[in-house]
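Structure first, then comments.
The values are calculated or read from the model by the stated rules, or taken from the named source; none is laboratory data. Given the structure is predicted, the values throughout are model-derived calculations rather than measurements. Note that each Cβ is placed from the backbone with ideal geometry, even for glycine, and that neighbours are counted across all protein chains shown. Areas reflect the complete protein model, heavy atoms only, side chains present, ligands, DNA and RNA absent. Shrake-Rupley method; radii C 1.70, N 1.55, O 1.52, S 1.80 Å.
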Amino acid sequence: MAEWIKITVEDHIGVRLDKYLADQLSDYTRSFIQKQIEQEGIKVNGQIVNSKYKVKLNDQIEIGIPDPVEVDILAEDIPIDIVYEDEDVMVLNKPQDMVVHPAPGNYTGTLVNALLFHCKDKLSGINGEIRPGIVHRIDKDTSGLLMIAKNDKAHLGLSEMLKTHDITRKYHAIVHGNFKQDEGTVELPIGRSPQDRKKMAIVQGGREAKTDYRVIERFKNYTHIELTLHTGRTHQIRVHMKAIGHPLLGDPVYGPSKSLFGLDKQMLHAKVLGFKHPITGQDLYFESKLPEYFTRVIDRLRKL
């Protein structure tokens, strides 16, 4: 096994093991979890159990995640919005609702499937066969700019820039409430939530995370803001905005249970992406238009 994930059961007592783990591990499907249980890759309190086992308070669960294996990911003729492309890198404008890369049990309809069709064998392989070309990702329901590496040298260069925070990334979001100030900074550590393993949270000892925000337009009880990422933690913007009392409008995970206009996807768009070309050193800067789903909500908010 490439990795063992350990979970202590603190809630959802009495739920079947396969359902409990599928809820806790959002990157994996229930069928993948069931297969791991069948192959004895999951233990509860050091013992092999079956999928029907019902979890108990303080159960210690160990989940073995196998090494990535070469799989036949189907190249699919899915339209992609290419903003820039050369022999080393691509910049794409990802639509809302598109998953970036396949996961066990779900190998079709993703951005990677589309890239394999467009680029053939010209994608980096550093992230394994399941994620060729993918240097960083944005959530399925987040739209906007994403960079792709077409060879391993470009991939290593872009990855290093991400580590050293040398990539400009600005997002637009619509959040609940009004800010007292027109701009500010949130600097709070982020880690896996101890209460719900599917979520990230502000946790003591978490990884450093820093987000700047700037007000663009105020509505009655909502605000359109620009956010600049200094770090790239999972769900960073969504967690930071919730932490300061301004969760993203429509966010089904970190926002209120009922959302204005019945929205069930976070209003978040990766609008600006800037970086030095990893091979030539050229400064590259890209800015995308706000998508129609985003501007439509803005128009509705102006009429409230």
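Based on this model, can you work out whether ILE78 counts as open to solvent by less than 60 Å² (accessible area, probe 1.4 Å), at negative phi and at pLDDT 90 or above?
Yes: the conditions hold for ILE78.
When the residues of the range 49-75 are filtered to those that are β-branched (Val, Ile, Thr) and more than 19 Å from LEU116 (Cβ to Cβ), which remaining residue is modelled with the lowest pLDDT?
Once the filter is applied, the top-ranked residue is ILE65.
Provide a single number: the residues in the range 223-278 that are closer than 23 Å to THR168 by Cα, open to solvent by less than 10 Å² (accessible area, probe 1.4 Å), outside any strand (DSSP E or B) and free of Cβ contacts under 8 Å to residues at least 60 places away in the same chain.
3
Please identify the pairs in which a residue from the range 1-22 that is within 17 Å of GLU40 (Cβ to Cβ) has its Cβ atom under 6 Å from the Cβ atom of a residue that is at pLDDT 90 or above and open to solvent by 40 Å² or more (accessible area, probe 1.4 Å), counting only partners at least 6 apart or on another chain.
TRP4/GLU62; LYS6/GLU62; LEU17/TYR53
Restricting attention to the range 177-215, and to residues there that are of a type in the set (Val, Ile, Thr) and surrounded by 14 or more Cβ atoms within 10 Å (Cβ to Cβ), which single residue is farthest from MET241 (Cα to Cα)?
For the range 177-215, the residue satisfying everything is VAL203.
Quick check: anything in the range 148-163 β-branched (Val, Ile, Thr) and without any contact (Cβ under 8 Å) to a residue 40 or more places away in the chain?
No - not one qualifying residue is present in the range 148-163.
Would you call GLU217 within 24 Å of TYR293 (Cβ to Cβ) and among the acidic types (Asp, Glu)?
When the stated conditions are applied, GLU217 passes them.
Looking only at the range 279-296, filter to residues that are among the hydrophobic types (A, V, I, L, M, F, W, C) and open to solvent by less than 60 Å² (accessible area, probe 1.4 Å); which one of those is farthest from ILE138 (Cα to Cα)?
The extreme case among them is LEU284.
Let me confirm something: among ASN93, ASN113, which residue is in a helix (DSSP H, G or I) and at pLDDT 90 or above?
ASN113
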